[in-house]
Structure formats: structure tokens, C-alpha cells
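The structure appears right after this line, and notes come after that.
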Amino acid sequence: MYSAGTEERAHTVKGASILDPLEQNALSQALDVLWARFLPLIEERVDLLESAAAACAANRLSIEEHQAAGAAAHKLAGVLGTFGLTEGTALARELEMLYSGQSAPDPALGARLASITAQLRSIVQNRK
């Protein structure tokens with residue numbers, strides 16, 4: 001944060017860096033550009049989770065779909081956190097846990113999987 005002959009560019013509060021308004025604006029714009037770039041992949045992962053939830057509820061979730069759903073949930077947990085969508089990260093982690101077993105989740109969990117995925121879809125669609 002410090003270099004010889006320059007002013008401090010950010011203040012530190014409890015270990016977190018707080019950017020000045022110009023830097024905050026630049027960061028926000030950069031994140032918006034990245035969001036637009038990665039949104040199709042994010043939506044594809046949510047689509048995959050919706051399909052897996054429906055297959056689970058119908059008791060026809062294949063091993064491949066099960067593994068793909070777990071991987072998609074894991075990746076969403078990370079990327080949504082990057083964009084400050086902490087609720088989305090928590091939901092994706094819950095899905096990751098539900099898909100983490102050796103066997104597919106109980107078909108009775110299909111409605112819960114679909115509900116969590118619908119919440120994720122809403123979070124993704126409503127990011128400003």
C-alpha cells in the first residue's frame with residue numbers, strides 16, 4: 001500500500017482495504033465487464049443444476065449428471081463470491097454438499113434442489 005514518495009491510496013479498516021471513490025468506480029466497472037463476459041457460462045451452470053434437480057426428482061439422475069451438478073455448484077460458489085453475491089455462494093455450497101455423495105441425492109430432495117437452484121437463478125438474473 002505504501003511506496004516511496006507516493007500517498008497512501010487506500011485506508012485500512014480492520015484489515016480490509018477501502019478504495020477511494022475513483023478506484024472503487026474503476027473496480028466496479030471492471031467487475032461489470034467480467035460479469036457480462038462470464039454470464040453465459042454462469043447461466044449454463046444454473047441450467048445444468050435445474051436439469052439435475054428435475055432428473056433427481058424423477059429418480060433418473062445419471063452418475064454423469066450427478067458429478068456435473070456437483071462440479072457446477074462448486075464453480076458457481078466461487079464465481080458468485082468473486083462478484084460479491086454471498087447469498088448465491090452459500091446456496092451453491094449447499095447444492096455442492098447435496099451432490100457431493102457417492103450416490104445421487106434422494107429423489108425426495110428433488111424439490112429442495114429445484115428450490116435452491118431457482119433462488120440461484122434469481123440472484124444471477126437480478127445482479128445489477
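The values are calculated or read from the model by the stated rules, or taken from the named source; none is laboratory data. From a predicted model like this one, the values you see are computed outputs, not experimental measurements. Note that each Cβ is placed from the backbone with ideal geometry, even for glycine, and that neighbours are counted across all protein chains shown.
Select from region 51-64 the residues that are free of Cβ contacts under 8 Å to residues at least 24 places away in the same chain and part of a helix (DSSP H, G or I) and write down the one among them that is surrounded by the most Cβ atoms within 10 Å (Cβ to Cβ). If we take residues in region 51-64 being free of Cβ contacts under 8 Å to residues at least 24 places away in the same chain and part of a helix (DSSP H, G or I), then A55 is surrounded by the most Cβ atoms within 10 Å (Cβ to Cβ).
Condition check ((1) touching an Asp or Glu at 6+ places or on another chain (Cβ under 8 Å); (2) in a helix (DSSP H, G or I)) across all residues:
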position: E44; (1), (2): no, yes
position: A73; (1), (2): yes, yes
position: L76; (1), (2): no, yes
position: A90; (1), (2): no, yes
position: M97; (1), (2): no, yes
position: P105; (1), (2): no, no
position: T117; (1), (2): yes, yes
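Picking from residues in region 34-87 that are more than 14 Å from A118 (Cβ to Cβ) and among the polar types (S, T, N, Q), the one that is farthest from the chain's Cα centre (by Cα) is N59.
Just one of (1) touching a Lys or Arg at 6+ places or on another chain (Cβ under 8 Å); (2) surrounded by fewer than 11 Cβ atoms within 10 Å (Cβ to Cβ); (3) modelled with pLDDT of 75 or more fails for M1. It is (3).
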